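Encoded as structure tokens, the structure appears first; notes follow it.
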Amino acid sequence: MTIYADNAATTRVSEEVLNAMLPYFRENYGNPSSLHNIGQRAAEVLYNARKTVADCINAKPENITFTSGGSEADNQALISVARNLARKNKKHIISTKFEHHAILHTLKKLESEGFEVTLLDVHENGIVTPEQVRDAIREDTCLVTIMYANNEIGSIQPIKEIGAVCHEKGVIFHTDAVQAAGHLNIDVCDQNIDMLSMSAHKFHGPKGVGALYSKKGIILRNVIEGGAQERGKRAGTENIPGIVGMATALSNAVKDIDKNAAYVTALRDRLIDGLSKIPHCILNGDRYNRLPGNVNFCFEGIEGESLLLLLDAKGICASSGSACTSGSLDPSHVLLAIGRPHEIAHGSLRLSICEENTEEEIDYIIKETASVVEYLRNMSPVWKDLENGVTKHLI
Ligand SMILES: *Cc1c(COP(=O)(O)O)cnc(C)c1O
């Protein structure tokens, strides 16, 4: 038996999405820039996909740029606004300590080019408030970029309210909505969002394709130079099968969004309730204001990696921290940002579920996690010291 509970890392392409993509490899394989009929058929398909994606977030098709994924969309959003407003001497950017590395590393690069970056603290429940944003905005602030929902701990940010603060102060607001798109209702107009990144493989679409929404009037700068595709803002022959897959996956997700969210939330709550019974553990992220499919716990006296490997041996695919940091021994920057001490942050487990999971699977995960945690603790000298009162329990 294999139970896949790592949907925040990537999801399985649905059969419907795969079938929608297949004709664009061998039948309708045209390049949308070609003037002949095979090319023009591809151009029409590209337009329809753009319109579908736009409709899903209440945007206009001309404001959607297809990219190679969430990372590229994040890079392009930040670099565009920074380059545009540097001329006006607006060189201050506000973000948070728990963004994805696609944001944090791009901000580092901009810092080395003379931009000043303020990274807001995150409350223990994994939420940043509009007041924090208001207090941080300065005369020279050009951009606020805050993720819609965190990829590790699932906490959902007050996006509409943060956007309202930005607009009141005349600052552009970007959100990395890679974890939210297809899972939460998004309306860029109603929610005061100027720019938004998303990625198909996080909602049962293919890997290597994403999109950047940018409001009318924001000039995008190329991160990939070359031909004039995507209105000259993103060079390279369009990934038509991928783009069709993305549009199909997003419209399917949005069509069933409330039904899926209700079902997955019920599974999530069952999983949280079950794992909470394990002694000396703590839930990371807000109990209720979190993504339907996200569960994240720290277990005291445990190494996240050992826990993962033993769960894998029981057929459970999970994660400890984000996939990008596995392989490094540093604890997750997200868990440190919400104030977990190093020794606790090391013992984290993220289970990210979707509508393909079942109640039986959830019960199996609860049972096996409890037994693996107990097994690891029984072998651990660190745990013995905690139990004998040599060191103090932190949770
Ligand atoms: C996965 C993810 C990304 C990166 O998206 P890719 O398409 O894999 O480049 C960016 N931000 C968040 C929050 C993510 O979860």
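The values are calculated or read from the model by the stated rules, or taken from the named source; none is laboratory data. Here the structure is a predicted model, which means the values were calculated and not measured. So basically every Cβ, Gly included, is an ideal-geometry build from the backbone, and we count neighbours across all protein chains shown.
Which residue out of Asp258, Asp273 is more than 22 Å from Ala200 (Cα to Cα), modelled with pLDDT of 95 or more and acidic (Asp, Glu)?
The match here is Asp273.
Here are Gly236, Gly217, Gly232, Gly242: which of them is surrounded by fewer than 16 Cβ atoms within 10 Å (Cβ to Cβ) and within 16 Å of the ligand (Cβ to nearest atom)?
Gly236
For Leu184, are the conditions met, namely being modelled with pLDDT of 95 or more, surrounded by fewer than 21 Cβ atoms within 10 Å (Cβ to Cβ), within 30 Å of Leu376 (Cβ to Cβ) and out of contact with any Gly (no Cβ under 7 Å at 6 or more places or on another chain)?
The answer is no for Leu184.
Count, please, the residues in segment 180-237 that happen to be on the phi < 0 side of the Ramachandran plot, over 19 Å from the mean Cα position of the chain (by Cα) and among the acidic types (Asp, Glu).
Matching residues across segment 180-237 total 2.
Residue by residue through segment 136-153, note down the ones that are under 19 Å from the mean Cα position of the chain (by Cα) and charged (D, E, K, R).
Across segment 136-153, the qualifying residue is only Glu152.
Going residue by residue through segment 30-52, is there one that turns out to be modelled with pLDDT of 95 or more, surrounded by fewer than 23 Cβ atoms within 10 Å (Cβ to Cβ), in contact with a Lys or Arg (Cβ under 7 Å, 6 or more places away or on another chain) and over 30 Å from Ile338 (Cβ atoms)?
Yes; the residues of segment 30-52 include at least one that is modelled with pLDDT of 95 or more, surrounded by fewer than 23 Cβ atoms within 10 Å (Cβ to Cβ), in contact with a Lys or Arg (Cβ under 7 Å, 6 or more places away or on another chain) and over 30 Å from Ile338 (Cβ atoms).
Which of (1) closer than 25 Å to Gly154 by Cβ; (2) part of a loop (DSSP other than H, G, I, E, B) does Ser34 not meet, given it meets every other one?
(1)
What's the total number of residues in segment 6-29 that are touching a Lys or Arg at 6+ places or on another chain (Cβ under 7 Å) and either among the acidic types (Asp, Glu) or within 16 Å of the ligand (Cβ to nearest atom) (or both)?
Of the residues in that region, 3 qualify.
Is there a residue in segment 35-44 that is of a type in the set (Val, Ile, Thr) and in contact (Cβ under 8 Å) with a residue 24 or more places away in the chain?
no
Identify the single condition in (1) surrounded by 19 or more Cβ atoms within 10 Å (Cβ to Cβ); (2) within 25 Å of Pro331 (Cα to Cα); (3) not β-branched (Val, Ile, Thr) that Leu267 does not satisfy, given that it satisfies every other one.
It is condition (2) that Leu267 fails.
Would you be able to tell me the number of residues in segment 82-104 that are free of Cβ contacts under 8 Å to residues at least 60 places away in the same chain and of a type outside the set (A, V, I, L, M)?
Summing the residues that are free of Cβ contacts under 8 Å to residues at least 60 places away in the same chain and of a type outside the set (A, V, I, L, M) in segment 82-104 gives 7.
Quick one: in segment 98-121, which of the residues that are within 14 Å of the ligand (Cβ to nearest atom) and not in a helix (DSSP H, G or I) is nearest to Gly170 (Cα to Cα)?
Glu99
Can you run down the residue pairs with Cβ atoms below 7 Å, 6 or more apart or on separate chains, where the first is in segment 1-17 and free of Cβ contacts under 8 Å to residues at least 12 places away in the same chain and part of a loop (DSSP other than H, G, I, E, B) and the partner is of a type in the set (Val, Ile, Thr) and surrounded by 15 or more Cβ atoms within 10 Å (Cβ to Cβ)?
Listed by first residue and then by second, the contacts come to nothing, as the list is empty.
Name the pairs whose Cβ atoms lie under 6 Å apart, with the first residue in segment 62-81 and within 11 Å of the ligand (Cβ to nearest atom), the second hydroxyl-bearing (Ser, Thr, Tyr) and not in a loop (DSSP other than H, G, I, E, B), and 6 or more positions between them or separate chains?
Within 6 Å, the pairs are Gly69/Ser199; Gly70/Ser197; Gly70/Ser199; Ala73/Thr67; Ala73/Ser197; Asp74/Ser197; Asn75/Thr106.
Grab the strands (runs of 3 or more DSSP E) fully contained in segment 128-210, keeping just those with 3 or more residues being away from the ligand (no atom under 14 Å from the Cβ) and more than 30 Å from Ile243 (Cβ to Cβ).
Passing ranges: none, list empty.
Mind telling me which of the residues Gly242, Gly232 ends up being free of Cβ contacts under 8 Å to residues at least 60 places away in the same chain and closer than 16 Å to Tyr47 by Cα?
Residue meeting the stated conditions: Gly232.
To keep it simple, each residue is scored yes or no on (1) surrounded by fewer than 20 Cβ atoms within 10 Å (Cβ to Cβ); (2) under 30 Å from Ala266 (Cβ atoms); (3) at pLDDT 95 or above.
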position: Leu335; (1), (2), (3): no, yes, yes
position: Ala345; (1), (2), (3): no, yes, no
position: Ser352; (1), (2), (3): no, yes, yes
position: Glu356; (1), (2), (3): yes, yes, yes
position: Tyr364; (1), (2), (3): yes, yes, yes
position: Thr369; (1), (2), (3): no, yes, yes
position: Pro381; (1), (2), (3): yes, no, no
position: Lys384; (1), (2), (3): yes, no, no
position: Asn388; (1), (2), (3): yes, no, no
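On the given criteria, is Asn58 more than 16 Å from the ligand (Cβ to nearest atom) and assigned to a loop (DSSP other than H, G, I, E, B)?
Considered against the rule, which asks whether it is more than 16 Å from the ligand (Cβ to nearest atom) and assigned to a loop (DSSP other than H, G, I, E, B), Asn58 comes out as yes.
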